[in-house]
Amino acid sequence: MITANNVTKRFQDIVALDHLSCHIPDSCVYGLVGANGAGKSTFLRLLSGVYKPDEGSVLMNQQHVFENKEAKKRSVFIADEFWALPRADMKRMSALYASVYEAYDPKKFLALADEFGLPVDRPLNTFSKGMRRQAAIIQALSTGADVYLFDETFDGLDPVMRSLVKKKLYDEVFDRGATVIVTSHSLRELEDTCDQLALLYKGGIVLESDVNELKTSIIKMQIAFAEQYDKDKFEGLDIVSFAKLGSVSTLIVRGEKMECQKKLEAMDPLLLEMVPITLEEIFVYEMEALGYVFDKGDSEQ
Amino acid sequence: MKLYKEMLRKLAIVGLPLMAVVLVYTLIRGGADCFGKYYILQSSSAVSQIPALRYYVFSGLLFALYGFSFQFSRSGSDVYHSLPVKRTEMYTAVFLATATWMGATILLSEIEMLLIYLVSGCPFVPVYIPLSALYYFVASMLVYAAAALGCALSGTVITAAASTGIILFLPRLMQFMFARGIVERVPIIGWLDLGPWLDPSTNAATGILTMMVRNVFNGRLITLPHALYSLVPTVVMLGAGLWLFRRRPSEFAHKNGGYPAWTIATGVLLAFAVMLPVTMNYQRLFSVYGAFLIAAALGVYVLYQLLASSKLKKAMLTLPYFLLAVLAVLGFNAVMIPARTTCSIQRPPQARSLR
């Protein structure tokens, strides 16, 4: 269990994280979404012990992370920007990680490199951006850590590699009970990967939920009636959003799908059609319901 | 132990080429001296035994800059600071790996020189070999310690290198100015008589530089007391470096001066160091020589600020702080002039002033 209690991190006048609190359970894939500058990378750096919180605490299994070797042994952090020793190849970087992670598995490293099709003795500076990300993921998976912290690591991977990486991460979660925390500025990148999603906004988590629960708790439909009507017609339903164009309305309703459908069918509509809803839309609607107002730049993220 | 081995491997990029250069240079130069016309010089002092080492000790800076290079980029800092390693262990590993590389290079070149002596039949004083090995090792560690302290204060290579220069040389330069300024016009007291703290040859690293410009020190430089004396600032600086490294926020990475005010302070201290020679002679402060030194100091200050900030506008905004360096030099003069006047009074009076 990873716990952040009222964590604040400032960089001179900028408050990157503002009294952020969250609990990340074991054995899950936890996604952190937010616009650029929302504080995702800062939060991961606090979780990995790179930064020390100015206020509050970051605990991994009830242990403070910063300057705590025992707590840090359990986690591995892959930052958004790739780094390698000068002229190093994957073998050399493997030796670096093996020197500090007691549970580092060189056989697993070689097997993963083989599976990903990456040459272990080719200088990393000749790798493409995607290959470097794969190399970093392979190093992380070989450390034997229980907590993987990936900062925008999946962004830019091709679909085949994304699928392979996801499979490997799920293996870690199911076989070893590992926890994966991954950030992205794009919800689409994480939608099909995470069990839990949190939205970071201006240095705080404004929404945190189970992905399946989110997806099943909100439905989107189009409906039309012969007579004139407005939002008041749907009084018995928990309407999150209502938009009418001509006689056809688009409804976003919070609730159980079958139950809502029955209620609406009972109103004898001319048209009633379920429309697929993306996680991104759900987040936007939920955020609006919470009273957050996005400018155009934010909503595009 | 694993981390130490890893650091040893990392520092091989610096250590191996330098070792090769030192050994080849020792072979050529030492061989030429022993087999050639400088035969007699070899036996006269420990200094000339290992010609390459007097330069090699300053590579302590390279070892520190490369060992702590992860501090100079955000991505490197992310990797190293997220590893399950305590900062004390990291600092110790870099130090031990540097000590191993530099110690091994010094030892090998000493052995190489010993072999040259034995083969050539050149006379030598056996005790000079372990003594000079110890001396050069302490000098190397002194330079490394100053650089490690500079790295702990900085977030970029340029500020780390500038800080190292200030830490290593500015206190000695001030001591030199103090001693020189007070007694320069007093013929009966040489500034070498002022005790070890003001004697430029006692500090191993700066002493070697002094030796390079003044051969008179050659015979008295490499001694056990000097090596032991230099161990004190080495240990103090290593301790201060560790203390700062443990407290250094990792967000300093890739920021000019690690501590926000350090960039300004570094520039001011650099300018101060350049202007310091004007205190040697009060009249020079308001002469062409003084103006030249102030202009040179300003140039160094602006160049440093430009390199550190990479932005002309930002560098120009720091210009007013240059006045701090000027004020510091004037303050130094204010102390030096009365002190020197007091000393001058002790001089024998001019014949014409006697009645």
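Quick note: the coordinates plus some simple rules give every number you see, no bench work behind them. This one's a predicted model, so the numbers in the text were calculated from it and none came from an experiment. A quick note on method: Cβ atoms are made from the backbone with ideal geometry, for glycine too, and the neighbour counts reach across all protein chains shown.
Cross-link partners for A:Lys168 among the aspartates and glutamates, with Cα-Cα distance under 16 Å and sequence neighbours closer than 8 places in the same chain left out: A:Asp105, A:Asp114, A:Glu115, A:Asp146, A:Asp158, A:Asp192, A:Asp195. Treating each Cα of segment A:70-169 as an identical point scatterer and summing with the Debye formula, the log10 of I(q)/I(0) at q = 0.14, 0.16, 0.17, 0.21 Å⁻¹ comes to -0.47, -0.62, -0.71, -1.13. Beta bridges per DSSP, both residues in the protein assembly as shown: antiparallel share near 70 percent. Basic side chains Lys and Arg get +1 at the Cβ, acidic Asp and Glu get -1 at the Cβ, and with that the dipole of the protein assembly as shown about its Cα centre reaches some 4320 debye.
Placing unit charges on the Cβ atoms of the charged side chains and taking the dipole of segment A:2-202 about its Cα centre, the candidate lying farthest along the positive direction among A:Leu124, A:Leu190, A:Gly37 is A:Leu124.
Over 28 Å apart at the Cα level, from the set A:Lys202/B:Lys10; A:Lys9/A:Lys72; A:Lys40/A:Lys215; A:Lys40/A:Lys167; A:Lys9/A:Lys129; A:Lys107/B:Lys255, are A:Lys202/B:Lys10; A:Lys9/A:Lys129; A:Lys107/B:Lys255. Highest mobility in the GNM of chain A, judged by mean-square fluctuation with C-alpha springs under 10 Å and restricted to A:Val33, A:Val182, A:Val15, is found for A:Val15. Each pair of Cα atoms in the protein assembly as shown enters the Kirkwood radius, and Stokes-Einstein at 20 °C and 1.002 mPa s then converts it into a translational diffusion coefficient of 72 µm²/s. Built from the Cα atoms of segment B:62-116, the convex hull projects on average onto 4.3 nm², one quarter of its surface area. Using a Förster radius of 41 Å, what is the FRET efficiency between A:Gln62 and B:Ala20 based on their Cβ-Cβ separation? Nearest 0.05, please. Approximately 0.20, to the nearest 0.05. Shielding by partners for peptide A:70-77, expressed as the average number of C-beta atoms from other protein chains within 10 Å of each residue's C-beta, is 3.
What angle, in degrees between 0 and 90 and rounded to the nearest 10, separates the Cα long axis of helix A:129-142 from the longest principal axis of the Cα atoms of chain A? The answer is roughly 70 degrees. Cross-link partners for A:Lys263 among the lysines, with Cα-Cα distance under 16 Å and sequence neighbours closer than 8 places in the same chain left out: A:Lys220, A:Lys231, A:Lys233. Any idea what diffusion coefficient segment A:2-202 gets from Stokes-Einstein, in µm²/s, Kirkwood Rh on alpha carbon pairs, 4 °C, 1.567 mPa s? After rounding, the answer is 75 µm²/s. Magnitude of the charge dipole for chain A, about its Cα centre and with charges confined to Cβ atoms of Lys, Arg (+1) and Asp, Glu (-1), is about 1220 debye. Considering all alpha-carbon pairs of segment A:1-109, what whole percent are spaced by more than 24 angstrom? In whole percent, the share of Cα-Cα pairs in segment A:1-109 beyond 24 Å is 33.
Among A:Gly236, A:Gly34, A:Gly156, the largest mean-square fluctuation in a Gaussian network model of chain A (Cα springs under 10 Å) belongs to A:Gly236. Residue separation of A:Phe242 and A:Asn212 scaled by 0.36 nm, minus their Cα-Cα distance, works out to 8.5 nm of gained length. Counted by neighbouring Cβ atoms within 10 Å, the residues B:Ser132, B:Ser75 run from fewest to most as B:Ser75, B:Ser132.
Taking the number of Cβ atoms within 10 Å of each Cβ as an exposure proxy, the fewest-first ranking of B:Phe70, A:Phe66 is A:Phe66, B:Phe70. Principal axis analysis of the Cα atoms in segment A:214-299 yields extents of 39, 26, 21 Å, listed in decreasing size. All C-alpha pair distances within segment B:58-176, sorted into 10 Å bins from zero, spread as 13, 34, 28, 17, 7, 1 percent across the bins. Counting 0.36 nm for each residue step from A:Glu70 to A:Ala103 and taking away their Cα separation leaves a gain of 10.6 nm.
Counting neighbouring beta carbons within 10 Å and listing from fewest to most, the residues B:Tyr117, B:Tyr289, B:Tyr301 come out as B:Tyr289, B:Tyr117, B:Tyr301.
Between A:Leu110 and A:Asp192, residue separation times 0.36 nm minus the direct Cα-Cα distance comes to 26.7 nm. For the pair A:Gln261 and A:Lys231, a Förster radius of 22 Å applied to the C-beta separation gives a FRET efficiency near 0.75, rounded to the nearest 0.05. Assuming charge only on the beta carbon of Lys and Arg (+1) and of Asp and Glu (-1), the dipole of segment A:214-299 about its Cα centre is about 140 debye to the nearest 20. With the simple model of a label 7 Å out from the Cα in the direction of the Cβ, B:Leu96 to B:Leu327 spans 4.7 nm.
Computed from the Cβ-Cβ distance with R0 of 41 Å, the FRET efficiency linking B:Leu114 to A:Arg122 stands at 0.40.
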